[in-house]
Amino acid sequence: MKLMLGLVLGMLFGAALQLSGASSHTKIIQALRLKDLTIIKLILAAIGVGLIGVHLLDLLGLAHMKVKDLFLPGMAVAGLIFGVGFAVTGYCPGTALAAAAEGKVDAWFAVLGGLCGALVFAIMFPDLEAFLFSVGRYGPVTIHHSLGMQGIILAVPLGGLFLWLAAKLPGTGGG
């Protein structure tokens, strides 16, 4: 049942990406140039709904949030790799898969590059693990735990802010 739910949710996510134009290289570039804010609105809305939804499910006992360790060097390296890949291809991993599913050849190069990069990292990881985890590892850190409050108390206003921003931003001609 969980696999079926994952398949259905994945198909809905892919459909949302495709229908919003997020699988279009041109639309992504227009969003990065702040000329068409449709994709940015989609991202803001997804963050707002996800933030509130996940914390609400956790509060109701229907989900269990497991926070990964804060690891600053890993975040810096991953951000650099993601940024370079995004700049070179014009796709992030999700939009690359959606565009590849549409048959866009350039997206297939992005997907294959991502898979090759993951394979290289997986092969190198056992040799790099001790070095990578030797500095900047802080354990599971969340803002709401640092402030000593339930996550939902912070998630609702913050998620609401993201949803409000998504509603207020113009779709095209931003700026």
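The values are calculated or read from the model by the stated rules, or taken from the named source; none is laboratory data. Keep in mind that what you see is a predicted model, and the values were worked out from it rather than measured. Neighbour counts are summed over all protein chains in view; Cβ atoms, including those assigned to glycine, are modelled from backbone coordinates with ideal geometry.
So here's what we get for this one:
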read-out	value
Residue in region 31-44 that is part of a helix (DSSP H, G or I) and in contact with a Phe, Trp or Tyr (Cβ under 7 Å, 6 or more places away or on another chain) present	yes
Residue satisfying condition, being under 17 Å from the mean Cα position of the chain (by Cα), surrounded by 14 or more Cβ atoms within 10 Å (Cβ to Cβ) and within 30 Å of Gln150 (Cα to Cα), within set Ile52, Ile28	Ile52
Neighbours by Cβ (under 7 Å, 6+ apart or cross-chain): first from region 10-22, under 14 Å from Cys92 (Cα atoms); second of a type in the set (Lys, Arg)	Gly21/Lys27
Selection count where residues are at positive phi and exposed (fewer than 10 other Cβ atoms within 10 Å of the Cβ), scope region 123-144	1
From the options Ala22, Ala16, Ala46, residue that is under 16 Å from the mean Cα position of the chain (by Cα) and closer than 14 Å to Ala167 by Cα	Ala46
Cβ-Cβ under 9 Å pairs, at least 6 apart or on other chains, region 135-151 side touching a residue at least 40 places away in the same chain (Cβ under 8 Å) and within 20 Å of Gly74 (Cβ to Cβ), far side surrounded by fewer than 10 Cβ atoms within 10 Å (Cβ to Cβ) and of a type outside the set (Asp, Glu)	Pro140/Lys66; Pro140/Lys68
Pair list, Cβ under 7 Å, 6 or more apart: region 52-78 residue within 17 Å of Val141 (Cβ to Cβ) and touching a residue at least 60 places away in the same chain (Cβ under 8 Å), other residue of a type in the set (Phe, Trp, Tyr) and not in a helix (DSSP H, G or I)	Asp69/Tyr138; Leu70/Tyr138
Enumeration of residues in region 89-106 that are touching a residue at least 24 places away in the same chain (Cβ under 8 Å) and assigned to a helix (DSSP H, G or I)	Thr89, Gly94, Thr95, Leu97, Ala98, Ala99, Ala101, Asp106
Criterion (under 30 Å from Ser20 (Cα atoms), in contact with a helix residue (DSSP H, G or I) (Cβ under 9 Å, 6 or more places away or on another chain) and at pLDDT below 90) met by exactly one of Leu42, Leu56, Leu37	Leu42
For Ala63: the one exception among (1) part of a loop (DSSP other than H, G, I, E, B); (2) within 13 Å of Gly114 (Cβ to Cβ)	(2)
